[in-house]
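Q: One structure, pasted below without further comment.
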Amino acid sequence: MREFGLWVYDFHRHGSTRIFQSRTERVIYLQWLADNRHLSFLLAEPDGLSLMLAEPEHTEPIRIVMAGMPLYFDWNGTPSRLVVH
């Protein structure tokens, strides 16, 4: 069965970390924030799009920031400010 996923590879540790995996939802866009600690990505879900936020170096769960369709966004360099259209 087909699966969709998102992995981050660390060149210093020579290892990868799974950030996301699903059989039904696809990652369609991703962006590192300017703080180099957070990764945001859009998920294509059956009912629309969800903007997700992950911190790959920590075991923090992935957060759903918002959902909707269409969903255009831009971060202000940190995960504390977001503009959405």
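All of the numbers you see were taken from the coordinates with simple rules; none came from a lab. The shown structure was predicted, so the numbers you read here are calculated from the model rather than taken from an experiment. Ideal geometry is used to build each Cβ from the backbone, glycine not excepted, and the neighbour counts take in all protein chains shown.
Q: Do you know which residues across region 57-85 are more than 17 Å from W32 (Cβ to Cβ), among the β-branched types (V, I, T) and within 15 Å of the chain's Cα centre (by Cα)? Even if it seems obvious, please write down each step before you answer.
A: Initial filter on region 57-85 (more than 17 Å from W32 (Cβ to Cβ)): 59, 61, 64, 66-72, 83-85.
This time we only want the ones that are among the β-branched types (V, I, T), so: 59, 64, 83-84.
Passing the criteria: T59, I64.
Q: When you look at S16, is it surrounded by 13 or more Cβ atoms within 10 Å (Cβ to Cβ) and of a type in the set (S, T, Y), yes or no?
A: So S16 fails the test.
Q: Do you know which residues across region 14-49 are under 9 Å from the mean Cα position of the chain (by Cα) and assigned to a strand (DSSP E or B)?
A: Passing the criteria: I19, F20, V27, Y29, L30, Q31, W32, L39, S40, F41, L42, L43.
Q: Scan region 1-13 residue by residue and report those that are more than 26 Å from R81 (Cα to Cα) and either in contact with a Phe, Trp or Tyr (Cβ under 7 Å, 6 or more places away or on another chain) or assigned to a loop (DSSP other than H, G, I, E, B) (or both).
A: M1, R2, E3, G5, F11, H12, R13, listed by residue number.
Q: Can you find, within region 20-46, the residue that is surrounded by the fewest Cβ atoms within 10 Å (Cβ to Cβ) among those that are within 17 Å of L71 (Cβ to Cβ) and hydroxyl-bearing (S, T, Y)?
A: Y29
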